[in-house]
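Visitor: Got a structure for you, questions after.
The values are calculated or read from the model by the stated rules, or taken from the named source; none is laboratory data. What you see is a predicted model, and the numbers here were worked out from it, not measured in a lab. Please note: Cβ atoms are built from the backbone with ideal geometry, for glycine as well, and neighbour counts cover all protein chains shown. Surface areas here come from the heavy atoms of the whole protein model, side chains and all, with no ligands, DNA or RNA. Shrake-Rupley method; radii C 1.70, N 1.55, O 1.52, S 1.80 Å.
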Amino acid sequence: GEDVEQSLFLSVREGDSSVINCTYTDSSSTYLYWYKQEPGAGLQLLTYIFSNMDMKQDQRLTVLLNKKDKHLSLRIADTQTGDSAIYFCAEIYNAGNMLTFGGGTRLMVKP
Amino acid sequence: DTGVSQDPRHKITKRGQNVTFRCDPISEHNRLYWYRQTLGQGPEFLTYFQNEAQLEKSRLLSDRFSAERPKGSFSTLEIQRTEQGDSAMYLCASSATQGPQETQYFGPGTRLLVL
């Protein structure tokens, strides 16, 4: 079955870069997503990457995908206090339409 | 703003009561999803609809749970005889089938507390 793993917590200083990592097990994943969740709120889509790509950049966000190692990362450049939130990676795979989420990484940005 | 909306945002109920939640998707989206998120966890898939047809249900969706989307627009999720273990955030998402990539957009969620 599919499984998505993330580290629980990351703390950075304002202005530094943050790198949030994710590993997945299903080799038939087609798209991989990053969502952001602020306290008490729903999920906000940040970006996604197709499984035949290895990198995607969108303003301060850079997604790297290593399909061989089934490793996905999200880099946030110039991290701001407003970036403090929980970040979820998620995959969708050939066989279905549902998203499978990791447990989330809580990012804390210190001023 | 015509994003996904959910009602109510919060619900407190006593064990054994029935509750119903509503989700209004983005208007042109034909797919609608329900997920459940417990504290400290990522969302878990419950069920999804394409138009009015319920196409897939998770094993998490016990017999006490029922979801409908009668006219292919809004959806309701009902939980009968609630249990304390049902306490969670219930998230709705919608998407439009547009080729191979299909982004799901989430609503703000309904937080349920069963006492």
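Visitor: Does residue A:12 satisfy the criteria of being of a type in the set (A, V, I, L, M, F, W, C), under 20 Å from residue A:67 (Cβ atoms) and either modelled with pLDDT of 95 or more or in a loop (DSSP other than H, G, I, E, B) (or both)?
Guide: no
Visitor: If only one of B:95, B:62, B:66, B:58 is farther than 22 Å from residue A:44 by Cα, polar (S, T, N, Q) and within 12 Å of chain A (Cβ to nearest Cβ), which one is it?
Guide: B:58
Visitor: A further question follows. Sort through A:18, A:29, A:51 and tell me the only one that's open to solvent by less than 20 Å² (accessible area, probe 1.4 Å) and farther than 16 Å from residue A:92 by Cα.
Guide: Among A:18, A:29, A:51, only A:18 is open to solvent by less than 20 Å² (accessible area, probe 1.4 Å) and farther than 16 Å from residue A:92 by Cα.
Visitor: Let me ask you something else. For region B:46-55, enumerate the residues that are open to solvent by less than 50 Å² (accessible area, probe 1.4 Å) and either within 14 Å of the chain's Cα centre (by Cα) or away from every other protein chain (no Cβ under 14 Å) (or both).
Guide: B:46, B:47, B:48, B:49
Visitor: Which of the strands (runs of 3 or more DSSP E) found entirely inside region B:1-97 contain at least 2 residues meeting this: under 19 Å from residue B:107 (Cβ atoms) and in contact (Cβ under 8 Å) with a residue 60 or more places away in the chain?
Guide: B:5-7, B:10-13, B:19-24, B:31-37, B:75-79, B:88-95
Visitor: Of all residues in region A:83-98, how many are among the aliphatic types (A, V, I, L, M), over 13 Å from the mean Cα position of the chain (by Cα) and open to solvent by less than 30 Å² (accessible area, probe 1.4 Å)?
Guide: 2
Visitor: Could you tell me how many of the residues in region B:86-115 are under 20 Å from residue B:17 (Cα atoms) and either modelled with pLDDT under 95 or of a type in the set (Lys, Arg) (or both)?
Guide: Going through region B:86-115 one residue at a time, the tally reaches 1.
Visitor: A follow-up question, please. May I ask you to say which residue of A:80, A:59, A:44 is open to solvent by 70 Å² or more (accessible area, probe 1.4 Å), among the polar types (S, T, N, Q) and touching an Asp or Glu at 6+ places or on another chain (Cβ under 9 Å)?
Guide: A:44
Visitor: A further question follows. Residue B:42 fails exactly one of the following numbered conditions: (1) surrounded by 20 or more Cβ atoms within 10 Å (Cβ to Cβ); (2) under 11 Å from the mean Cα position of the chain (by Cα); (3) within 11 Å of chain A (Cβ to nearest Cβ). What is the number of that condition?
Guide: Condition not satisfied by residue B:42: (2).
Visitor: Looking at (1) open to solvent by 40 Å² or more (accessible area, probe 1.4 Å); (2) of a type outside the set (Gly, Ala, Ser); (3) part of a loop (DSSP other than H, G, I, E, B); (4) touching a strand residue (DSSP E or B) at 6+ places or on another chain (Cβ under 8 Å), find the lone condition where residue A:64 falls short.
Guide: (3)
Visitor: While we're looking at this one, here's another question. Scan region A:86-109 and give yes if some residue there is within 14 Å of chain B (Cβ to nearest Cβ) and out of contact with any strand residue (DSSP E or B) (no Cβ under 9 Å at 6 or more places or on another chain), otherwise no.
Guide: Checked against the condition, which is being within 14 Å of chain B (Cβ to nearest Cβ) and out of contact with any strand residue (DSSP E or B) (no Cβ under 9 Å at 6 or more places or on another chain), region A:86-109 yields at least one hit.
Visitor: To continue, here is another question. Among the residues of region A:23-45, count how many are more than 8 Å from chain B (Cβ to nearest Cβ) and either without any contact (Cβ under 8 Å) to a residue 40 or more places away in the chain or in a loop (DSSP other than H, G, I, E, B) (or both).
Guide: 6
Visitor: Looking at region A:67-77, which of its residues are surrounded by fewer than 17 Cβ atoms within 10 Å (Cβ to Cβ) and among the aliphatic types (A, V, I, L, M)?
Guide: Scanning region A:67-77 gives a single hit, A:77.
Visitor: So which pairs qualify, if the first residue must be in region A:48-64 and without any contact (Cβ under 8 Å) to a residue 60 or more places away in the chain, the second must be acidic (Asp, Glu) and not in a strand (DSSP E or B), the Cβ gap must be under 8 Å, and the two must be at least 6 apart or on different chains?
Guide: Listed pairs, sorted by first residue: A:60/A:78; A:64/A:54.
Visitor: When residue B:86 is evaluated against the numbered criteria (1) among the charged types (D, E, K, R); (2) in contact with an Asp or Glu (Cβ under 8 Å, 6 or more places away or on another chain); (3) open to solvent by less than 20 Å² (accessible area, probe 1.4 Å), which criterion, by number, is the only one it fails?
Guide: (2)
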